[in-house]
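What follows is one structure encoded as structure tokens, with my remarks underneath.
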Amino acid sequence: MHRPHARAASACSAALLLAALTACGGPAEADTENPTAPEGVTAQAGSATSVHVMWERASDDEGVVGYDVYREGKKAASVDAAKLMTDIEGLTASTVHTFTVRARDAAGNLSAPSAATPVTTPATAPTDVKAPTGPSELRGEADSGRTVTLSWGGSTDDVGVTSYDIYQEDSRIHSVSGTRTTARLTGLRPGTVYTFTVRARDAADRSSPDSNAVDLTTPSAPGDPASTAPTGLRTKTTAQGEEFLVDLSWDQPDTGGTIPAYQLFLNGKLTTTIVWGGTPPAGRAIYRLTLTDPPGTRYSLKIRPKLPDGKWGDFSAQRTVVLPG
């Protein structure tokens, strides 16, 4: 028994499928192109048993999803595409170690290895019993919307400073040799407030206290709106019985209208929304935060405004608060 309607339906479906494939360029082709090899690989001994490896961003026709770091040809670490550095630990002291980096895409294609970068870990210092002193007089300048240059006064150590670690807020983003007291940081965002500190590290992997913090704002890109970050953020902490009072004050940004509220972040997490009880203040604003944690507790603190259009603006520079003992 013939079923012309069924044959017609099948023919129609096949025609539609062919048309769809034709319109979309046929089945998606597999990604077989390898990413470019990372360039600018540097390796800096952070201690007798650790090395800080950094590199520049690679490119790919579909996009890089991660990087693999190799030591003497064996994979030592893997990071996602957002990171351009990693620390390799558990190394042997007084030894030359050689590192290469390969980029990886979503299809699993690997780039060629980067140029090999050797580094020698220093000798272990069994008599090194003191941490270095903190770097002094940290200062900096925004060279462009994406780069800044920092400089500082050198630290001292009972044996010797191995490296200086640069922190942006609470994250280590760069390391340089203990013989250097300058660093140029790249890959930043235009129109953004950054807070930098520096710590010295010795061969026993002891870190110094933080240097002073320096706030730098990268210039906005041409045509971009001006920054809406609050400026001049200051804190004062006092004990009152079993509580601690943190008084904040800041200069409000020019947003073209009234700022109805601010968000307050502690250690990177939203803690409270500051909403004014009456008319929002003009000029410098103040707020009191009450904390009940043990003495010595350390907080990182920053704020951002609610803009007249209802969106949240840029973050202020970060401040560190340590509850007094």
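Summary table below
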read-out: Single condition residue 60 does not satisfy, out of (1) at pLDDT 90 or above; (2) of a type outside the set (Lys, Arg); (3) over 30 Å from residue 128 (Cβ atoms); (4) in the same structural domain as residue 111 (by TED's automatic domain parsing); value: (1)
read-out: Check on residue 140, part of a loop (DSSP other than H, G, I, E, B) and either of a type in the set (A, V, I, L, M, F, W, C) or touching a residue at least 60 places away in the same chain (Cβ under 8 Å) (or both); value: no
read-out: Residue list for the stretch 143-171, filter: surrounded by fewer than 19 Cβ atoms within 10 Å (Cβ to Cβ), in a strand (DSSP E or B) and either in the same structural domain as residue 46 (by TED's automatic domain parsing) or in contact (Cβ under 8 Å) with a residue 40 or more places away in the chain (or both); value: 167
read-out: Condition check for residue 270: exposed (fewer than 12 other Cβ atoms within 10 Å of the Cβ), modelled with pLDDT of 90 or more, of a type in the set (A, V, I, L, M) and within 24 Å of the chain's Cα centre (by Cα); value: yes
read-out: Given (1) at pLDDT 90 or above; (2) within 29 Å of the chain's Cα centre (by Cα), number of the condition residue 296 does not satisfy; value: (1)
read-out: Inter-residue pairs, beta-carbon under 7 Å, first under 16 Å from residue 314 (Cβ atoms) and in the stretch 246-258, second of a type in the set (Asp, Glu) and part of a strand (DSSP E or B), 6+ apart; value: none
read-out: Unique match (being among the hydroxyl-bearing types (Ser, Thr, Tyr), surrounded by fewer than 12 Cβ atoms within 10 Å (Cβ to Cβ) and in contact (Cβ under 8 Å) with a residue 12 or more places away in the chain) among 290, 217; value: 290
read-out: Residue 300 being in the same structural domain as residue 238 (by TED's automatic domain parsing), among the small types (Gly, Ala, Ser) and part of a strand (DSSP E or B); value: yes
read-out: Boolean, residue 116 is under 23 Å from residue 55 (Cα atoms) and in the same structural domain as residue 50 (by TED's automatic domain parsing); value: yes
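The values are calculated or read from the model by the stated rules, or taken from the named source; none is laboratory data. The structure presented is a predicted model; accordingly, all values stated were derived computationally and were not measured. FYI the Cβ positions are ideal-geometry reconstructions off the backbone, even for glycines, and counts take in every protein chain you see.
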